[in-house]
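Before any comments, here is the structure.
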Amino acid sequence: MIRIALSWSLLCLLTGVMPAQQLQLPTANRALFDAPANFFQFVDRDFEGSKTTPWEGGQFGFVRDPRRLGSRITYARFHEGLDIKPLQRDARGNPQDQVGAIADGVVMYVAASAGLSNYGRYIVVRHDFGGSPFFSLYAHLSAANVSAGQKVKAGTPLGILGYTGSGIDQRRAHVHVELNLLLSSRFDVWHAANFATPNHHGALNGLNLIGLDLQTLYLAQQKNPGLTAPSAVKATESGYRVAVPGDAEMEMVKNYPWLMDGPRPTGRPASWEVTFSRWGLPLAVKASTQVVAAPFVTWVKEAGIPHYTHTRGCVAGSGSTGKLTTEGLRFVKLATGWF
């Protein structure tokens, strides 16, 4: 099974720092814990002349777009959530499964128009975990049954599982579920500077949400119900580090103060160093006395393959050296507020 793994020992060490929040699965499908092939929706794959439908492609992580690099097969496309297959279909084959909130929270956004996003019809719910905002996202719904501003409890029905959005048909109907950090409240400014197309979804556009490994968190909470989402973020394996000028807004430190490594400076530091997971989840922030003119990579984890294949195209190079790509610089600017 392909999965971005967290350190189990570190997860346990970090437990208990903040109030626990046991997450519920969003549908009646519980096979994640004992029969994952019955939980994850398959993907259609055509690789080296062989057409397959692997369920592993519905998992969280680098599980799509296989590429052969020498004798090694690597997966370059990142999947930021869990694709959960339906248990109930009507006589026409349409799914009937209710999709519920994974924890108590407030509905922040309902994208009622299915044609304005790859997510199709999707809902975003805010949860306060450890005093910080986390955002669960439920995509490809056939119907939404809640409104923005509505308070919900864990398990409150939000909508019906479906197949709205791009690249999905009835046979592959599923709900795509994420648990995210918010990158910037100034997302509209960043979007306007980088894209000619309009932003239809405000700050809760998927580009402004970065997912933690929800799959591993669910599995870990089965063994340790006290495990928190902030602890899971902190336990995630580091992928690369970036130095950023000190005038970066660094909103992540305000929203997620537990990311701060060392004391938080009272004024602007000369620079910041931010540790990201391979897919861009912020893991730690440290103030630095080094003067930095523009963001650059200070460290990248060696993986034996070109870095762009395991960093969502954000870092170029190989071995122990790396450089931000154009896409990588754009992402770092958004994540750190250097724009």
Here are Gly93, Gly130: which of them is at pLDDT below 95 and surrounded by fewer than 23 Cβ atoms within 10 Å (Cβ to Cβ)?
-> Gly130
Residue that is nearest to Gln22 (Cα to Cα) [pool: residues in the range 152-190 that are of a type in the set (Ser, Thr, Tyr) and either touching a helix residue (DSSP H, G or I) at 6+ places or on another chain (Cβ under 7 Å) or buried (at least 17 other Cβ atoms within 10 Å of the Cβ) (or both)] = Thr156
Out of the residues in the range 221-238 that are small (Gly, Ala, Ser) and in a helix (DSSP H, G or I), state the one that is surrounded by the most Cβ atoms within 10 Å (Cβ to Cβ).
-> Ser231
Of all residues in the range 106-118 being of a type outside the set (S, T, N, Q) and within 20 Å of Ser184 (Cα to Cα), the one that is surrounded by the most Cβ atoms within 10 Å (Cβ to Cβ) = Ala111
Out of (1) modelled with pLDDT of 95 or more; (2) closer than 28 Å to Cys314 by Cα, the odd one out for Gly70 is which?
-> (1)
Could you check, for the range 49-64, whether at least one of its residues is modelled with pLDDT of 95 or more, among the aliphatic types (A, V, I, L, M) and either touching a strand residue (DSSP E or B) at 6+ places or on another chain (Cβ under 8 Å) or part of a helix (DSSP H, G or I) (or both)?
-> yes
For Met260, state whether it is in the same structural domain as Thr298 (by TED's automatic domain parsing), within 15 Å of Ile210 (Cα to Cα) and of a type in the set (A, V, I, L, M).
-> no
For residues that are out of contact with any Gly (no Cβ under 9 Å at 6 or more places or on another chain) and small (Gly, Ala, Ser), scanning just the range 187-230, find the one that is nearest to Tyr119 (Cα to Cα).
-> Gly206
Across the range 220-253, what is the number of residues that are modelled with pLDDT under 95 and at positive phi?
-> 0
Restrict the check to the range 280-302 and report whether at least one residue is in contact with a Cys (Cβ under 9 Å, 6 or more places away or on another chain), of a type outside the set (A, V, I, L, M) and assigned to a loop (DSSP other than H, G, I, E, B).
-> yes
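The values are calculated or read from the model by the stated rules, or taken from the named source; none is laboratory data. Predicted model only: the values in this text are computed from it and were never measured. Cβ atoms come from the backbone with ideal geometry, glycine included; neighbour counts cover every protein chain shown.
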